[in-house]
Structures are given as structure tokens and as C-alpha cells.
Amino acid sequence: MPNSAINMRFMTQRLMIAMRRDDETVLTYITKSGEKTRHITLIDPAKQAPKVAAERALTAIESGSSMIFVGGSTDTPDEIVHATCTAIQEMLELRIFAASQSPDSDEDQWKVPVVLFPGGSHALSPAADAITFMMLMNSRERRFLIDEQLRGAPYIDKFDIDPLPTGYLVCHPGGKVGEVGQADLIMPNDVDLVKSYSLTAAMYGFKILYLEAGSGADSPVHEDLIRSAKSTSGLTLIVGGGIRTPDQAKLAADAGADWIVTGTLTEDADDLKDLAYKISAINFFLSN
Ligand code: 1GP
């Protein structure tokens, strides 16, 4: 379906979603300080049917995730991304309504942003609340520095989804995103380089810096790199790639990550019960 058709069809739905969080923008929600390290569950729309994605997202939120990212694979068409965002938003609306009818339930628990984490300008949906509008800062390719952004910006503007100004840095081992994005990988001892990148990101006015080790990485972003990036003020730090265990999440949090992302953990879970167990364990460690 062309973007314009998606736009028309879901205009009403978009208004409903926007009213859900009228007191706070997604950017404010993400960047507010004084919070403990929070957890993001990344759902790759290419990896399961939209209904299953929505069930996984709800389980993740119930287990302590504070945000859902939708994205990952580089070649997922708009339609799949949109169907996934829509399914998640519809289930969240149902949960909010159900919670509002019960004195014992907290409807705010379900007011969690659904944010696009795109592999390029193609994977967009007006059913999302926001998008990480990223520059892959250590790419050698003009395409990932500015061209994809030029293509996507008019649609983001038309869809009226919040762009989240984000510097994206791919660190060793980098995985597929490092290869496709033609990144000069940041090595574990490149602390000065990360400091320069983080200063540059702040000077460009980016509000978020995302340190990525690559989905499925056998080792997460090194703590020294997180510590170095954290020493630059004015940036909210997201760290993802290769985080599987509570200990790994805790190491990243202690080094200064404001947000931890896990994706493969969700895909590898045996079922929703196993997923709840794994995400709860991570969130327990992040809270203590
Ligand atoms: C998102 O790439 C991460 O930044 C997700 O990585 O799939 O290894 O959790 P995992």
C-alpha cells in the first residue's frame, strides 16, 4: 500500500493514539532524568505475525518494559511494519480501557510509546507514536548519514509522528547493521573516539545517543564506551545488541545506560511465560 493510502486510512486512529499521552511528548518521556535505567523491547515485524508481535509486546510491558521499538530488519515493507504497529496499539487501547474500568488496575502501565526503529526510509507507519530519527554517525556511506533521512522526512512530517533526534553508533562486533550500514566499527578501547562522537552528537542537537553492538551480538557494547559517552551532558543513552542476561543489563546500566534494548531475547523465548520470566529478571536487576 502506498504511504498516502496508509496515511488516509489511519488518520482517525492516529488522533486516538495522540490523545493517550496528552501531558507528555514521547521525547520528554524518553529523556526525563532521575529515572532508573529503563527497558525497551524491540520487536522485529519480519519475525512474527502482527498478532503475535502484539502479544509479545503486552507481555513485555507487563514484565516491566517501558517502551516498544518496532524495526530491525533492513528490508521489511511498510505494510508489515504498519500492521505490527497497529496490532500493538489496538491491544494497548484495549488494556487501557480494561484498566480504566477496574479500581485495582493502573491504566498508566499501558501508556507506553510504540516507536519505529527503522532500517531505512521504507519502514514507516503512521500508527507509531514516534520514530528514532537517526544518523548512523560512523557510517562511511552518505546514504546512512543523510540520504535515507531526506527520503523519510516528508513522510514523517505528513504522518505527524514525533521524530526523536538520535545519533546512532555501531560498536564492535557490529553484526549485520555494521555490515549493511558500512560502519567503521567502534572498538572496545576507542573511548576517546566515542567521547568525540558523543560531543558531536550533542553539538548537532541530538537528544539521544544509541550505542549498538548489533542484533544477536556475542558481546554487548563495552562498559568503558558507555561510561565515555555518558560523560557528555545533554544526551540520553540507549544501549543495545547482545544483551541477554540480567548481569549484562546491569553492567550497562551501572556504566550509565539510560535505556537497555533487547530484541533477540524476545525472539528466542520459548513462549510468553518464558518471555515474561526473562524480561522480569532484567527489570528486577535494573531496579535494584
Ligand atoms: C537493538 O540490536 C539491538 O539495538 C537488539 O539486539 O537482538 O541482540 O537484543 P539483540
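The values are calculated or read from the model by the stated rules, or taken from the named source; none is laboratory data. Note that the structure is a prediction, hence the values are computed from the model and not measured. Every residue, glycine as well, gets a Cβ built from its backbone with ideal geometry; the counts of neighbours run over all protein chains shown.
For residue 140, the conditions (1) under 17 Å from the mean Cα position of the chain (by Cα); (2) at pLDDT 95 or above; (3) of a type outside the set (Val, Ile, Thr) are fulfilled apart from (1).
The residues in segment 257-286 that are in contact with a strand residue (DSSP E or B) (Cβ under 7 Å, 6 or more places away or on another chain) and without any contact (Cβ under 8 Å) to a residue 40 or more places away in the chain can be counted, and the count is 0. Kindly indicate whether residue 234 is in contact (Cβ under 8 Å) with a residue 24 or more places away in the chain and surrounded by fewer than 20 Cβ atoms within 10 Å (Cβ to Cβ). Spelling it out, residue 234 is indeed in contact (Cβ under 8 Å) with a residue 24 or more places away in the chain and surrounded by fewer than 20 Cβ atoms within 10 Å (Cβ to Cβ). Among strands (runs of 3 or more DSSP E) entirely within segment 165-274, having at least 3 residues that are of a type in the set (Lys, Arg) and on the phi > 0 side of the Ramachandran plot singles out no element at all. Scanning segment 97-136 for residues that are modelled with pLDDT under 95, within 24 Å of residue 209 (Cα to Cα) and not in a loop (DSSP other than H, G, I, E, B) gives no hits. Are any of the residues in segment 152-163 within 16 Å of the ligand (Cβ to nearest atom) and of a type in the set (Phe, Trp, Tyr)? No, that holds for no residue. Inside segment 63-96, residues that are in a helix (DSSP H, G or I) and either touching a residue at least 24 places away in the same chain (Cβ under 8 Å) or in contact with a strand residue (DSSP E or B) (Cβ under 7 Å, 6 or more places away or on another chain) (or both) make up a count of 18. Of all the listed residues (62, 79), the sole one being crowded, with 16+ Cβ neighbours inside 10 Å and among the acidic types (Asp, Glu) is 62. Would a scan of segment 260-280 turn up a residue that is within 15 Å of the ligand (Cβ to nearest atom) and either among the aromatic types (Phe, Trp, Tyr) or in contact with a Pro (Cβ under 7 Å, 6 or more places away or on another chain) (or both)? The answer is no, given that none of the residues of segment 260-280 is within 15 Å of the ligand (Cβ to nearest atom) and either among the aromatic types (Phe, Trp, Tyr) or in contact with a Pro (Cβ under 7 Å, 6 or more places away or on another chain) (or both). The set of residues in segment 227-256 that are touching a Lys or Arg at 6+ places or on another chain (Cβ under 8 Å) and under 23 Å from residue 176 (Cβ atoms) comprises 229, 237.
Conditions (1) in contact with a Phe, Trp or Tyr (Cβ under 6 Å, 6 or more places away or on another chain); (2) more than 8 Å from the ligand (Cβ to nearest atom); (3) at pLDDT below 95, marked per residue:
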position	(1), (2), (3)
209	no, yes, no
217	no, no, no
225	no, yes, no
238	yes, no, no
242	no, no, no
248	no, yes, no
